Amino acid sequence: MVSFDRLSSSYSYMESEPKKYEIAYLVSPQVPEEDVVRIAGIVTRVIEESKGMVRHVNEPKKRLLFYPIQKDRKAYFGYTTFTADGSTPAEITKKLKFEKEILRSLITEEVIVPARHIPLRAAWQPTDGSVLPAKQPIRREELPAVSAEERKTAIENIDKQLEEILGA
């Protein structure tokens, strides 16, 4: 019989396995460009204080934002990758909320999905076992010439059909 202590200890082991994370953050554009590196250092320090191990630091660079944040259309964007246990991201987020220069931050877990390789030939073969004939590219000279009048009537027919379908 397995005791509850054994199960809980194995569960805590699984929970404390280090995972790979990435934190992306926006720094206020009011921060002088020389101090942006200091902010990246603050993020690194907070990760290390939370018992995380920094893997890579990408220093913030000024970017145009898709929408304004605190009435600013530009901000410095940087990211850092690190490894830590499961409870560390919440702790890092709490600590970074006190930093006024950091407008937003987002921590995501790195998940590696193995790529599947499907050969194109196998994907396009008929199911009855026959072989598809090789198609020759159509050359522009071989295309039938369409007069302007025929093109206009074709467009009118398409418009009529669309009106019937849409009920307009």
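Yes or no, residue by residue, for (1) over 15 Å from Arg45 (Cα atoms); (2) in contact with a Ser or Thr (Cβ under 8 Å, 6 or more places away or on another chain); (3) not aromatic (Phe, Trp, Tyr):
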{"residue": "Lys62", "(1), (2), (3)": "yes, no, yes"}
{"residue": "Ser87", "(1), (2), (3)": "yes, no, yes"}
{"residue": "Thr93", "(1), (2), (3)": "no, yes, yes"}
{"residue": "Lys97", "(1), (2), (3)": "no, no, yes"}
Among the residues of region 3-41 satisfying the criterion of being assigned to a helix (DSSP H, G or I), of a type in the set (Asp, Glu) and at pLDDT 55 or above, which is surrounded by the fewest Cβ atoms within 10 Å (Cβ to Cβ)?
Glu34
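The values are calculated or read from the model by the stated rules, or taken from the named source; none is laboratory data. Note that the structure is predicted; figures quoted are calculated from it, not measured. FYI the Cβ positions are ideal-geometry reconstructions off the backbone, even for glycines, and counts take in every protein chain you see.
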